[in-house]
Amino acid sequence: MVHDGRRGSVQPGGSYWLGGTAGQLDAGSTLAGGTFELVGGVWSFQEGNPTAVALASFSATPQGSGVLLRWETAMEIDNVGFNLYRAPSPEGSWERLNESLIPSQAPGSVFGATYTWFDEDVEAGITYYYKLEDVEVGGGHAFHGPISVQPGGPTAVVLQVFSTNGVFGGILLVVGLAACLGGAALLRR
């Protein structure tokens with residue numbers, strides 16, 4: 001976990017790190033382990049086993065007939081890989097997209113990596129929600145997200161150039177134009 005003043009952690013046994021301050025929880029505390037994150041000036045706690053993956057970004061972008069998922073890590077200590085999940089709502093029934101673990105590109109590294117996954121099993125106009133799970137060597141895991149995206153229909157416009165290079169091309173253009181005008185004149189009668 002990157003201790004950057006906006007995140008913190010609580011370890012089993014009660015030791016904590018929060019916004020640059022380390023210490024021990026009171027004896028009456030019930031926190032068993034998890035992470036804190038500063039969001040909008042408020043510290044929020046998420047139970048679970050914190051992992052040593054620092055996620056720099058996680059995004060979903062409509063692309064053609066699917067959704068391009070992209071994530072970047074800043075650090076992957078003890079990380080073995082990732083799983084991606086999709087659901088029809090943020091609370092929905094999460095379906096794992098990858099059949100096997102997406103392997104870490106930087107296992108055990110203090111450096112990160114960039115990953116992409118193309119989800120082609122989507123329909124235009126429907127909002128999809130995605131979560132990313134990082135899995136570490138000791139079995140710990142953490143979820144990131146959800147993020148949402150609504151793929152649209154085709155957005156590309158193809159322009160073709162019609163050239164009248166040479167005499168033959170010019171003659172074809174004149175004949176084609178005359179045929180169109182002749183057809184329009186017949187329809188008026």
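Find out how many positive minus negative residues lie around His141, taking Lys and Arg as positive, Asp and Glu as negative, among other residues whose Cβ is under 9 Å from that of His141.
-3
How do the peptides 78-90, 58-70 rank, highest first, by the average count of neighbouring beta carbon atoms within 10 Å per residue?
78-90, 58-70
For Thr61, what charge total do you get from the other residues with a beta carbon under 14 Å from its beta carbon, if Lys and Arg give +1 and Asp and Glu give -1?
Spelling it out: positives minus negatives among the neighbours equals -2.
Once ligands and nucleic acids are excluded and a 1.4 Å probe is used, how much of Glu136 is accessible, expressed in Å² to the nearest 10?
40 Å²
Place a point 7 Å from the Cα of Ser93 along the Cα-to-Cβ direction; which residues of region 108-143 have their backbone N under 16 Å from it?
129
How much net charge surrounds Asn83 when only other residues with a Cβ under 14 Å from its Cβ are counted (Lys, Arg +1; Asp, Glu -1)?
Charge balance near Asn83 sits at -3.
The values are calculated or read from the model by the stated rules, or taken from the named source; none is laboratory data. Computed from a predicted model, the values in this text were never measured in an experiment. For neighbour counting, all protein chains shown are included, and Cβ atoms are generated from backbone atoms with ideal geometry for every residue, glycine included. Note: areas computed on protein heavy atoms with side chains; ligands, DNA, RNA excluded. Shrake-Rupley method; radii C 1.70, N 1.55, O 1.52, S 1.80 Å.
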